[in-house]
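The values are calculated or read from the model by the stated rules, or taken from the named source; none is laboratory data. Predicted, not measured: the structure shown is a model, and the values here were computed from it. Virtual Cβ from ideal backbone geometry, glycine too; neighbours counted across all protein chains shown.
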Amino acid sequence: MMMNRNLEIFIKVAELESITKAAKLMYITQPAVSNAIKKLEEELNVSLFFRDKRSGLTLTPVGKEILALAQEMANVDNRISQAALAANQIVGGRITVGSMPFLTSTLLTKALGVFRLRYPSVEIDLREANPNELLELVGHHQVDFALTAAPFGPFEARQVMTDYIVAAFPPGEKAPKHFDLATNEAPLLLNQAALETILDNADRSRAAISNRIVVQNVESEIEMVAAGLGIGIMSALPLASLGQGLKSCPVKPEISFDVGMIATDFEQLSPAAKALCDIVEEVSA
């Protein structure tokens with residue numbers, strides 16, 4: 001309602017740092033995207049991007065300020081549309097959700113399945129990132145809310161469950177009662193989120209994790225454990241859903257962490273975003 005098309009295009013280009021990617025995502029031509037950015041710069045009388053053939057597009061200082069304001073406008077615009085729909089007993093509009101990849105493949109997938117059945121007209125954008133990146137996305141209003149692991153930073157949080165770190169063993173290996181991270185000498189496999197969680201608990205866990213391979217997502221880690229490449233250190237939640245029958249045990253000392261949703265203000269979320277939050281709590285109960 002308030003947003004004009006040029007601002008919408010600018011947001012996509014800035015977030016993707018690419019005219020080509022923005023054009024593809026928005027189903028318009030690259031010249032149309034370039035022209036929209038040029039018109040916006042002329043209208044505001046500023047340069048929004050540094051342009052370099054090697055490094056591509058980079059926001060100028062004023063471009064960063066305008067992006068933050070434009071994202072807030074887009075969020076408000078979406079909430080206005082959803083409020084109007086809600087007044088007519090319709091939940092619609094668009095939600096942008098942030099999530100850690102392992103929470104997407106487990107908890108969020110279940111929630112979205114229920115949500116799509118109840119609210120089929122709502123558009124959903126998903127942004128997967130690590131916990132630190134999710135804190136930035138929430139703080140910069142680039143997502144309505146995020147599903148992540150503690151610590152939750154300065155934001156409001158709604159805890160949905162407690163998870164813990166386990167050791168997963170290749171096929172044919174017997175899992176012990178506990179796996180001691182402090183005395184371990186075996187090759188380890190970790191995903192980035194599990195590694196960050198262990199490092200956050202370094203004083204308590206005294207983890208000896210120097211002999212390691214680190215991958216970005218837990219699915220890859222599970223495949224590598226199944227192939228016999230090492231002992232996997234990961235969250236219990238995705239292992240239970242995707243573990244291909246791998247044996248596991250808790251690590252020692254025990255490392256547990258809260259899983260929850262974070263937002264700048266849950267009361268200010270759009271009706272659609274609130275509905276999805278409720279469903280996430282529903283399926284995790």
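In contact with a strand residue (DSSP E or B) (Cβ under 9 Å, 6 or more places away or on another chain), under 18 Å from residue 264 (Cα atoms) and part of a helix (DSSP H, G or I): is that true of residue 147 in this structure?
no
Quickly run through the stretch 1-31 and pick out the residues that are touching a residue at least 24 places away in the same chain (Cβ under 8 Å), over 25 Å from the mean Cα position of the chain (by Cα) and closer than 24 Å to residue 52 by Cβ.
6
Considering the stretch 1-48 alone, what residues qualify as being outside any helix (DSSP H, G or I), at pLDDT below 90 and polar (S, T, N, Q)?
4, 18, 29
Return the pair list, or none, for Cβ contacts closer than 7 Å from residues in the stretch 182-202 that are at negative phi to residues that are of a type in the set (A, V, I, L, M) and assigned to a helix (DSSP H, G or I), at least 6 apart or on different chains.
As it stands, the answer is 189/224; 189/225; 191/218, since those pairs meet every condition given.
Scan the stretch 101-142 for residues that are closer than 23 Å to residue 240 by Cα and either out of contact with any strand residue (DSSP E or B) (no Cβ under 9 Å at 6 or more places or on another chain) or not hydrophobic (A, V, I, L, M, F, W, C) (or both) and jot them down.
Of everything in the stretch 101-142, those that are closer than 23 Å to residue 240 by Cα and either out of contact with any strand residue (DSSP E or B) (no Cβ under 9 Å at 6 or more places or on another chain) or not hydrophobic (A, V, I, L, M, F, W, C) (or both) turn out to be 101, 104, 105, 106, 109, 110, 113, 114, 128, 130, 131.
Pull up the stretch 269-285, narrow it to residues that are farther than 14 Å from residue 160 by Cα, in contact (Cβ under 8 Å) with a residue 12 or more places away in the chain and in a helix (DSSP H, G or I), then point me to the one that is nearest to the chain's Cα centre (by Cα).
So the residue we want is 273.
Please work out which residue is modelled with the lowest pLDDT, limiting yourself to the stretch 255-285 and to residues that are of a type in the set (A, V, I, L, M, F, W, C) and over 16 Å from residue 138 (Cβ atoms).
285
If residue 51 satisfies every condition in (1) assigned to a strand (DSSP E or B); (2) modelled with pLDDT of 85 or more; (3) charged (D, E, K, R) but one, which is the exception?
(2)
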